[in-house]
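The values are calculated or read from the model by the stated rules, or taken from the named source; none is laboratory data. Since the structure is predicted, the reported quantities are computational estimates derived from the model, not experimental observations. A quick note on method: Cβ atoms are made from the backbone with ideal geometry, for glycine too, and the neighbour counts reach across all protein chains shown.
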Amino acid sequence: GAVVSQHPSWVICKSGTSVKIECRSLDFQATTMFWYRQFPKQSLMLMATSNEGSKATYEQGVEKDKFLINHASLTLSTLTVTSAHPEDSSFYICSASKPGLPEEYFGPGTRLTVT
Amino acid sequence: AQTVTQSQPEMSVQEAETVTLSCTYDTSESNYYLFWYKQPPSRQMILVIRQEAYKQQNATENRFSVNFQKAAKSFSLKISDSQLGDTAMYFCAFRGGFGNEKLTFGTGTRLTIIP
């Protein structure tokens, strides 16, 4: 199997606070994990790529100080949205890939609402 | 840079009929992978089918099959005997060969199966 979980599935936070989203590969060790953002009725936008034990690689235009990514183990990556603002409200999706395989397995996503 | 184009924003088809979703891509690489992902209303991204560019045989997964035309850089998805559960957004995606770890997504096609 290839199951990826995300927690929480939905979070509401106040402007100025930070929120952490967890992504776990439940039945495999993930060499690489990815974080995406998806706006309503749009495609997925890659934010960053992370490998266990090393710094994440951010896509152009993504603020690394605002979206902190930590890939602490082969089964866990976290995304922390710091000093969240209403414009950060979105659907965040993580994915993970297995060693030697090209496809990504996606988590169920986290809906973030910043009030 | 690779690009993926899905020219059909929306499609609808009667239940039990066959439908084909189009996808074209642009790349200078010779070795790469192509995918179709499905995103139902739950927003969970699900891998539908994968095609390796070096394989001439078209991939098939139950009711889902692809028509991979490498020279034309075309990768269409055929859904046979469509079911209500096939209602979803369908994204075509490209990944380069060894060393390229990013997925490039198309803009998606919203497919509705009509009972």
Quiz item: Would a scan of segment B:66-80 turn up a residue that is at pLDDT 95 or above and closer than 28 Å to A:GLN6 by Cα?
Solution: no
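From the list A:ASN51, A:ASN70, which residue is within 14 Å of chain B (Cβ to nearest Cβ) and at pLDDT below 95? Full working, then the answer.
Details: A:ASN70 fails: within 14 Å of chain B (Cβ to nearest Cβ).
So the residue among A:ASN51, A:ASN70 that is within 14 Å of chain B (Cβ to nearest Cβ) and at pLDDT below 95 is A:ASN51.
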Self-check item: Selection within segment A:57-81 - farther than 12 Å from A:CYS94 by Cβ, of a type in the set (A, V, I, L, M) and out of contact with any helix residue (DSSP H, G or I) (no Cβ under 7 Å at 6 or more places or on another chain)
Solution: A:VAL62, A:LEU68, A:ALA72, A:LEU74
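Tell me which strands (runs of 3 or more DSSP E) are completely within segment B:48-112 and hold 1 or more residues being farther than 20 Å from B:ALA1 by Cα and not β-branched (Val, Ile, Thr), or say none if there are none.
Values: elements: B:64-69, B:74-79, B:88-96, B:103-105.
Hits in segment B:48-112: B:64-69, B:74-79, B:88-96.
For the subset of segment B:31-40 comprising residues that are more than 10 Å from every other protein chain (Cβ to nearest Cβ) and modelled with pLDDT of 95 or more, which member is nearest to the chain's Cα centre (by Cα)? It would help to see each step written out before you state the result.
As a first pass, look at segment B:31-40 and keep what is more than 10 Å from every other protein chain (Cβ to nearest Cβ): B:31, B:36, B:38, B:40.
With the extra rule that they be modelled with pLDDT of 95 or more, the set shrinks to B:36, B:38, B:40.
Numbers: B:TRP36: 3, B:LYS38: 8, B:PRO40: 14 Å.
By that ranking, first place goes to B:TRP36.
Does B:ALA93 meet the test of being away from chain A (no Cβ under 13 Å) and at pLDDT 95 or above? Please lay out each step first, then the result.
Working: away from chain A (no Cβ under 13 Å): no; at pLDDT 95 or above: yes.
Against the criterion (away from chain A (no Cβ under 13 Å) and at pLDDT 95 or above), B:ALA93 does not qualify.
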Practice problem: Among what's in segment A:85-106 and is touching a residue at least 12 places away in the same chain (Cβ under 8 Å), at the interface with chain B (Cβ under 8 Å from one of its Cβ atoms) and not hydroxyl-bearing (Ser, Thr, Tyr), pick the residue that is nearest to B:ILE49 (Cα to Cα). | Solution: A:GLU104
Quiz item: Given (1) surrounded by 16 or more Cβ atoms within 10 Å (Cβ to Cβ); (2) within 12 Å of another protein chain (Cβ to nearest Cβ), where does B:GLU10 come up short, assuming only one miss?
Solution: (1)
Self-check item: Residues within segment A:6-29 that are loosely packed, with under 14 Cβ neighbours inside 10 Å and in contact with a Gly (Cβ under 6 Å, 6 or more places away or on another chain), tallied
Solution: 1
Quiz item: With (1) in contact with a Phe, Trp or Tyr (Cβ under 8 Å, 6 or more places away or on another chain); (2) farther than 28 Å from A:THR32 by Cβ as the list, and B:VAL19 as the residue in question, which single condition is left unmet?
Solution: (1)
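Restricting attention to segment B:13-25, which residues are β-branched (Val, Ile, Thr) and surrounded by fewer than 16 Cβ atoms within 10 Å (Cβ to Cβ)? Write out each step before concluding.
The first filter runs over segment B:13-25 and keeps only residues β-branched (Val, Ile, Thr), leaving B:13, B:18-20, B:24.
The answer is B:THR18, B:THR20.
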Quiz item: Is it the case that some residue within segment B:73-90 is within 14 Å of chain A (Cβ to nearest Cβ) and of a type in the set (A, V, I, L, M, F, W, C)?
Solution: yes
Quiz item: Just for segment B:48-68: of the residues that are of a type outside the set (A, V, I, L, M) and within 16 Å of B:GLU29 (Cβ to Cβ), which one is farthest from the other protein chains (Cβ to nearest Cβ)?
Solution: B:PHE68
